[in-house]
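Everything below concerns the one structure shown next.
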Amino acid sequence: MFGPEQGHFALALACVLALVQFVLPLWGAARRNGRMVALAPYLAVSQLIALAMSFACLVLSAVRDDFSVQNVAANSSIAKPLLYKITGVWGNHEGSVLLWTLILGLCGAAVSVFGRNLPDILRARVLAILGGVSAGFQLFCLLTSDPFERVFPAPMDGQGMNPLLQDPGLAFHPPILYTGYVGFAVPFAFAVAALIEGRVDAAWGRWVRPWAVAAWCFLTCGIALGSWWSYYVLGWGGYWFWDPVENASLIPWLTGTALVHSAIVVEKREGLKIWTVLLAIATFSFSLSGTFLVRSGILNSVHAFANDPARGVFILGLLALVIGGSLALFAWRAPSLTSGGLFSPISREGSLVLNNILLCSICAVVVTGTMYPPFMQLLFGRTISVGKPFFDSATIPLTLPLLLAMGVGTALPWKRAQLAKTFSHLYAATGVAAIGVVLCFWKLSGILPVACGILAIWVIAASVSDVLRRLGLGHTGVRGMIARARSLPRSSWGAALAHIGAGIVVLGLCGMSQAEHAIVEIHVGETRSLGGDDWTLLDVHDRIGPNYKAMRADIAIHHNGRLVTIMHPERRDFTTQNQTTTEVSIHTNLITDLYGVIGDRHGSGANTTYVLRLHRNPLAPWMWLGGLVMAIGGAFSLSDRRLRVGAPKRSSIRNMARA
């Protein structure tokens, strides 16, 4: 029942449903036809069911080792562990596109179920836009990237999966990252629907914000998980190489962060309407552009899925329709989106405007650095590279005022602020930051790491200080503080956690700027020193894994004569794929990571030597801990009932007049 043919037919059915979901609700909303409008939620749920069936068929084909399916034959094998047979479904181009459409269908169904308080016409238009985008990707899947394509005769065994992808971190990284990417389709659909209607108000801002926050949480987790995978799997000792495909996920995160903050102003003050609508369009557009870059062959990366210009042309056409059409609609309707409440430059709204300007400036730098090399290659035939030195030197000066504004913005009131009163709320945070000055000059070297470290401490202190001020510390007793804590909106707790997480991430980055490393070639029994620790190669032996052979090292690390740990890095040879990978060994105390990698073996017998890569990475765990805290902060905000429920309906289908 659940075979490749059924999966293909289910995908085709989902595409038809998506096209109907795109056409009928839009037509019904334009004609005020209640029956057509009412079909939108049912079409969205039906499309999700069809996509879920299609995806289940592909998963079952992989689990059953059905090598008559080209996708399974090219990316799986009999010896592959069951977990990676399942997760390997989305570890390739065709499967990842199907997963993308499944998540997009899930977003449409979520709007249908959780958007019952929306005005019926607005919900119908939002679902129609989501259906149109979904139909485009399903057509892409059916016409150029069919995951159910057959191969005859079927091989006895498959080619296996890229060994670098056989890892729990990367197994779950794509679904989380894609949920972030695709989740921004919902704010995009809200923005297009609002442009069609010609109205953006406080209720619209309240409806958009939870969807933007949810997508932002998933994208934050996806980026953090991908960075962690790069750190402990690739074996180079770093966490972010400014790889073009890595940048493709950072770009929508930057504009998505600006969108979350901008939607707050729309909800609270009915201001920044044009900002918010444009950011919603830009964020999803950048998500689509990242998909195009990864699958067009323009960018080469360990993360890239495909190198097929035909697929790139199809996605480019889809981009032109989605992005070009939405921007054309924005250009037509933007003049009518007048701002609501006025505000002083020195106010909470003013700080959020500055926040948006700086985030978008950083985004512009990353886009320029990412796209400049391929455009130079395309236009002038010149091969150039833009790497870490450029991105660091161009983004850090913009990050410094952003961190400063994050700390000040928490103390500013809405509409208009009095500087003297604002600064009085920041005395404690300033004192903590002053202590941070001493710590940073003591522990860090280099003016930029020191400045970033001080401002990261400032952000954390200002966020904690703002919460304590709201709780009435120094003005009320313990019972009063507990009562205020219970009444304080969860969105306020979530915002503080997100800012604290950002400060922790920056501290982790500052610590990693002080990392020490060495590449040594030694015999068994020899010792090398690094960062005050003694690293001794105790032994090297071979072992057999499920689908690989491994060379495993035992490395003892001593500090002042005391054994700290024994590490076991491996070098694995996957015979099916004829590929070699490194298995990093990491010992952490959450303050410092000791990081070991074993490389090539030279010589034989008593003259055998081994190449080791040794790292001492201060505060490395803080980068991913901070990312987790940021995501938890966003999730905590979503638990606020005021964000989940939204505003009551402005209209009802029963009140619609049929044309």
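The values are calculated or read from the model by the stated rules, or taken from the named source; none is laboratory data. Values in this document were obtained by computation on a predicted structure and should not be read as measured data. Note that we place each Cβ from the backbone using ideal geometry, even for glycine, and neighbour counts take in every protein chain shown.
Matching residues to (1) touching a helix residue (DSSP H, G or I) at 6+ places or on another chain (Cβ under 7 Å); (2) surrounded by fewer than 21 Cβ atoms within 10 Å (Cβ to Cβ); (3) over 30 Å from L638 (Cα atoms); (4) of a type in the set (S, T, N, Q):
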site: P81; (1), (2), (3), (4): no, yes, yes, no
site: V89; (1), (2), (3), (4): yes, no, yes, no
site: V97; (1), (2), (3), (4): yes, no, no, no
site: L102; (1), (2), (3), (4): yes, no, no, no
site: C107; (1), (2), (3), (4): yes, no, no, no
site: R123; (1), (2), (3), (4): yes, no, no, no
Practice item. Name the residue, out of A38, A14, A29, that is assigned by TED's automatic domain parsing to the domain that holds D120, among the small types (G, A, S) and at pLDDT 95 or above. Key: A14
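Would a scan of the range 146-163 turn up a residue that is at positive phi and not aliphatic (A, V, I, L, M)? Break it down into steps so the answer makes sense when it comes.
Let us first name the residues in the range 146-163 that are at positive phi, namely 160.
Still in the list and also not aliphatic (A, V, I, L, M): 160.
So far as the range 146-163 goes, yes, one or more of its residues are at positive phi and not aliphatic (A, V, I, L, M).
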Review point. Assuming P41 fulfils every condition listed in (1) over 23 Å from the mean Cα position of the chain (by Cα); (2) surrounded by fewer than 19 Cβ atoms within 10 Å (Cβ to Cβ) apart from one, which condition is it?
Key: (2)
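Would you check if there is a residue in the range 482-493 being within 32 Å of the chain's Cα centre (by Cα) and outside any helix (DSSP H, G or I)? Full working, then the answer.
Restricting attention to the range 482-493, the residues satisfying the condition of being within 32 Å of the chain's Cα centre (by Cα) are 485-493.
The next check asks that each one be outside any helix (DSSP H, G or I); those that pass are 488-489.
Yes.
Inside the range 505-614, counting only strands (runs of 3 or more DSSP E) that do not spill past its ends, which hold 1 or more residues that are in contact with a Leu (Cβ under 6 Å, 6 or more places away or on another chain) and free of Cβ contacts under 8 Å to residues at least 24 places away in the same chain? Don't jump to the end; show me each part of the working.
Numbers: elements: 516-522, 527-530, 533-544, 549-559, 562-567, 570-574, 579-583, 585-588, 592-602.
Per the criteria, 549-559.
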Review point. Give me the pairs: first residue in the range 254-281 and at positive phi and touching a residue at least 40 places away in the same chain (Cβ under 8 Å), second residue of a type in the set (S, T, Y) and surrounded by fewer than 24 Cβ atoms within 10 Å (Cβ to Cβ), beta-carbon distance under 8 Å, and six or more apart or on different chains, which are they?
Key: E270/S339; L272/S339
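For the range 403-419, state whether one or more residues are of a type outside the set (K, R) and more than 24 Å from V265 (Cα to Cα).
Filtering the range 403-419 down to residues of a type outside the set (K, R) leaves 403-414, 417-419.
Filter again for more than 24 Å from V265 (Cα to Cα), leaving none.
No.
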Check your understanding: Looking at the range 347-373, which of its residues are modelled with pLDDT under 90, surrounded by 16 or more Cβ atoms within 10 Å (Cβ to Cβ) and farther than 24 Å from W204 by Cβ?
Key -> T370, M371, P373
Revision key, fill the gap. Checked against (1) buried (at least 18 other Cβ atoms within 10 Å of the Cβ); (2) over 28 Å from the mean Cα position of the chain (by Cα), P413 satisfies every condition except (1)
Practice item. Report, ordered by the first and then the second residue, all pairs with beta carbons closer than 7 Å, sequence separation of six or more or different chains, a first member in the range 235-247 that is modelled with pLDDT of 85 or more, and a second member that is outside any loop (DSSP other than H, G, I, E, B) and among the aliphatic types (A, V, I, L, M). Key: Y239/M512; Y239/M623; N247/V366
